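Student: Can you read through this structure? Questions will come right after.
The values are calculated or read from the model by the stated rules, or taken from the named source; none is laboratory data. Since the structure is predicted, the reported quantities are computational estimates derived from the model, not experimental observations. With ideal geometry, Cβ positions are generated from the backbone for all residues, glycine too; neighbour counts draw on all protein chains shown.
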Amino acid sequence: MKKKIIAMSIVIAFLVTFYVQSVATAYTPVPGITITAWTDKAQYAPGERGKLKISILNSLDKPVDISEIYIEYPWFTYNAQGEGAWEGNATITGEPLATIPSKGGDYYTEVEFTVPNDGRIAGLSSAEWYTIRIDVETSEGKADDFPAGILAMGTTLNMAVVDIDTWMTIMTAAIVICTIILAAVIFLSTRTPKMSAIAPRAKA
């Protein structure tokens with residue numbers, strides 16, 4: 001019985017870990033400069049559009065210039081079809097792109113993207129689903145390989161993305177039912193059966 005309780009606890013812990021996801025990531029690649037990036041949704045299906053939001057905070061006692069922001073999505077690849085080109089990346093440049101004031105100054109931008117629906121996501125490993133690479137060139141140095149979170153599921157996992165709310169509702173109901181049944185089994189197994197009293201027969 002104890003093994004059943006432990007197994008049920010492990011299943012519940014796994015489901016909670018899967019359902020609760022953080023899409024925001026903070027990073028301090030250059031001392032005094034904090035980069036935070038997140039997406040407008042936690043999950044995306046193939047063909048769906050989304051927004052990557054980037055925020056940069058300057059805690060230094062001097063202004064900081066940003067000259068370039070380079071973004072590389074999980075589906076970044078070279079497409080030799082036609083003229084050939086790298087796809088799945090974006091570059092924002094300026095001279096400078098922005099000057100962040102000192103001691104609490106910040107910079108914010110949004111970049112739109114579209115998750116491909118041609119099978120590139122289906123071929124990615126589970127670790128690669130979450131990785132957006134961001135490089136930021138500043139006057140204080142280059143902040144490279146900054147990872148931002150994204151969950152772009154492959155075509156084989158569309159049910160987990162599109163119907164995640166329905167799926168989690170069903171799983172929650174199933175867990176509640178199983179818990180009630182388990183509690184009932186434990187309760188009944190701990191009860192001591194009572195012997196019914198038999199009245200003696202009267203002598204003839």
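Student: Restricting to region 74-126, and then to whatever is touching a Phe, Trp or Tyr at 6+ places or on another chain (Cβ under 7 Å) and polar (S, T, N, Q), can you tell me which residue is nearest to residue 48 (Cα to Cα)?
Tutor: Filtering first and then ranking leaves 89.
Student: Test each condition in (1) surrounded by 13 or more Cβ atoms within 10 Å (Cβ to Cβ); (2) of a type in the set (S, T, N, Q); (3) modelled with pLDDT of 75 or more for residue 169 and report the one that comes out false.
Tutor: If we test residue 169 against (1) surrounded by 13 or more Cβ atoms within 10 Å (Cβ to Cβ); (2) of a type in the set (S, T, N, Q); (3) modelled with pLDDT of 75 or more, just (1) comes out false.
Student: Hey, among 176, 136, 115, 111, which residue is loosely packed, with under 11 Cβ neighbours inside 10 Å and modelled with pLDDT of 80 or more?
Tutor: 176
Student: Let me ask something else. Pick from region 47-103 the residues that are of a type in the set (A, V, I, L, M, F, W, C) and in a loop (DSSP other than H, G, I, E, B): which of them is surrounded by the fewest Cβ atoms within 10 Å (Cβ to Cβ)?
Tutor: Checking each candidate, the answer is 80.
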